[in-house]
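Quick notes on the structure that follows.
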Amino acid sequence: MTDVKKMGQQYKFEKLEVWQLAGELFDLVYEIDKSLPKSEQFNLSNQIRRASTSISLNIAEGSTTASNAEFTRFLKIAIRSYVEVYGCYLLMVRRQYISRENSICIKFEEIGAKLFAKLQALVKSLNR
């Protein structure tokens, strides 16, 4: 992994806690993804990776908008992408590809719950 701060310019979104949490979740998704069988490479693996990427990218893109309403729209997309990631995760648990007792999964659930709550709080604060 490359340290983003070493690369120079820092954008507004990099300072946002929700973006940092989304990055942590992204890393955990890639760790969890290693547990999937090859038969899921083009199904659950691809889906959860794309959705986890979407969370971070929508936060980043939305942070550059000119209005709170537009930023809120991007954050709501990020929330939906998180729910998609969590849905994929539950399907992996259901298929017994992973165990919720696994330390990575425990961390995934903690970070995910925190991210979800903070995204909702940020949307609420922007709508005031």
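Bear in mind these aren't lab numbers, they're just calculated from the coordinates by the rules spelled out. What you are looking at is a predicted structure, and each value in this text was computed from that prediction instead of being measured. As a convention, Cβ positions derive from the backbone with ideal geometry for all residues, glycine included, and neighbour counts pool all protein chains shown.
Give the residue list of GluC sites (Glu not before Pro) in the stretch 89-123 that are DSSP loop and have at most 16 other beta-carbon atoms within 10 angstrom. Don't skip to the end; give the middle numbers.
Values: sites: GLU101, GLU109, GLU110; in loops: GLU101.
Here the GluC sites (Glu not before Pro) that fit, given the DSSP loop and packing criteria, are GLU101.
Would you kindly work out the equivalent ellipsoid of the stretch 15-126 from its C-alpha gyration tensor and give its semi-axes, the square roots of five times the eigenvalues, largest first in whole Å?
Those come to 27, 14, 10 Å.
Please identify the trypsin sites (Lys or Arg not before Pro) of the stretch 5-80 that satisfy two criteria: DSSP loop assignment and at most 10 other Cβ atoms within 10 Å. Which are they?
Those satisfying the criteria are LYS34.
Across the stretch 108-122, in residue order, what do the Karplus-derived ³J(HN,Hα) couplings come to in whole Hz, using 6.51 cos²θ - 1.76 cosθ + 1.60 with θ = phi - 60° and x for Gly and Pro?
4, 5, 5, 5, x, 5, 5, 4, 4, 5, 6, 5, 5, 5, 5
When only C-alpha pairs under 8 Å and at least 6 residues apart count, what is the relative contact order of the chain, in percent?
On the way: 113 pairs, mean separation 39.9, N = 128.
Taking the mean separation of contacting Cα pairs over the length of the chain, I get 31 percent.
Give me the angle, in degrees from 0 to 90, between the Cα long axis of helix 46-63 and the longest principal axis of the Cα atoms of the chain, rounded to the nearest 10.
Once rounded, one gets 10 degrees.
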